[in-house]
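Working notes for the structure below.
The values are calculated or read from the model by the stated rules, or taken from the named source; none is laboratory data. Keep in mind that this is a model prediction, so the values were computed, not measured. Note that we place each Cβ from the backbone using ideal geometry, even for glycine, and neighbour counts take in every protein chain shown. Accessible surface areas use protein heavy atoms only, side chains included; no ligands, DNA or RNA. Shrake-Rupley method; radii C 1.70, N 1.55, O 1.52, S 1.80 Å.
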Amino acid sequence: TGLSRPQRILKAVQKNATKGNPESVIAAIDHYCRHSEWAMNVGDEKGLILDSVVTEVNPSTALELGTYCGYSTVRIARLLSPGTKLITLEFNPDYAAIARQIIAYAGLQDKVILVEGPSGDLIPKMKQQHGIKSFDFVFLDHWKDRYVPDTKLLEECGLLRKGSVLLADNVICPGTPEYLKYVRNDPRYESRYFKSNLEYTKVEDGLEKSVFLG
Ligand SMILES: CCc1ncnc2c1ncn2[C@@H]1O[C@H](/C=C/CNC(=O)c2cc(-c3ccc(F)cc3)cc(O)c2O)[C@@H](O)[C@H]1O
Ligand SMILES: [Mg+2]
């Protein structure tokens, strides 16, 4: 049945981007997904908000839930200071295989640890497997009904500290009503909504930035 969408995205990167140049990888994916076929990357518009939050936090430890093709993985990893790593969790082995190639094409393989498996199983192993004390920054972009359980799991595992920043994609479209209620009503979080548009469309979507107050 031919190539999968992630495989077609990888081909667009190999055809149009320059090896070792993350900006060109990002541009190649955005051009392909805007002009050829839509895909659920955070995209260029919300990507600028992601960039600004990552730059502001300048995390020593960062976690991404839901790698997909690695588009936001590349966006985040390209901004990290030397010696810091992004851990990204992906349970679909086919997507993980494509993402590894896209991350490597961008030359960012040394800044990214892609772990295959469901986040619910992997989060409790972060301390022991990767020597993580806590995460300075977490990007949530996986199944939308997993945002609340995984946030609670991060709290329970002691992986959030005073000042940890959670940034959640798609809080309007497809929407994460339970998550918005959770982070906006819980006094341990200071939340703010960044209005934007669903990737490659004019439909409203946005990112919710929530600072854990400890
Ligand atoms: C088990 C926990 C767990 N552990 C580890 N990896 C996990 C996981 N749960 C999921 N994954 C992986 O993450 C990615 C899924 C991401 C899910 N994202 C959207 O559904 C989405 C949809 C739209 C949209 C679609 C259609 C529309 F019409 C409008 C908007 C736009 C967006 O930006 C979106 O992010 C895949 O790689 C999964 O394999
Ligand atoms: Mg998303």
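Tabulated results
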item: For Tyr189, residues with placed amide H under 5 Å, excluding near neighbours; result: Leu213
item: Over the chain, relative contact order from alpha-carbon pairs under 8 Å, at least 6 apart, %; result: 20 percent
item: Length gained when the stretch Asn92-Lys127 is fully extended (0.36 nm per residue, less Cα-Cα span); result: 10.3 nm
item: Additional length obtainable on full extension of the chain from Leu153 to Thr55, 0.36 nm per residue less Cα span; result: 32.7 nm
item: Length gained when the stretch Lys11-Trp143 is fully extended (0.36 nm per residue, less Cα-Cα span); result: 45.0 nm
item: With Cα atoms, 0 to 90° folded angle of helix 5-16 axis to the chain main axis; result: 60 degrees
item: Proximal lysines to Lys133, defined as alpha-carbon separation beneath 21 angstrom and excluding residues fewer than eight positions away on the same chain; result: Lys85, Lys111, Lys125, Lys152, Lys162
item: 1.4 Å probe accessible area per residue over the chain, in Å²; result: 45 Å²
item: Under the Karplus curve 6.51 cos²θ - 1.76 cosθ + 1.60, θ = phi - 60°, whole-Hz ³J(HN,Hα) for the stretch 197-214, x wherever Gly or Pro sits; result: 10, 4, 3, 6, 9, 9, 6, 5, 8, x, 10, 9, 9, 10, 9, 6, 8, x
item: R0 of 22 Å, Cβ-Cβ distance His31-Ser4: FRET efficiency to nearest 0.05; result: 0.70
item: 222 nm mean residue ellipticity, helices alone, for the chain (DSSP H n ≥ 4; -39,500 (n - 2.57); rounded to 500); result: -12000 deg cm²/dmol
item: Dipole axis of the stretch 1-158 (+1 Lys, Arg; -1 Asp, Glu on Cβ), positive-most option in Leu122, Ala106, Val57; result: Ala106
item: Amide hydrogen neighbours beyond the local backbone of Ile113, cut-off 5 Å, H modeled; result: Leu86, Ile87, Thr88
item: Residues with amide H under 5 Å from that of Val42, placed H, sequence gap 5 or more; result: Ser72
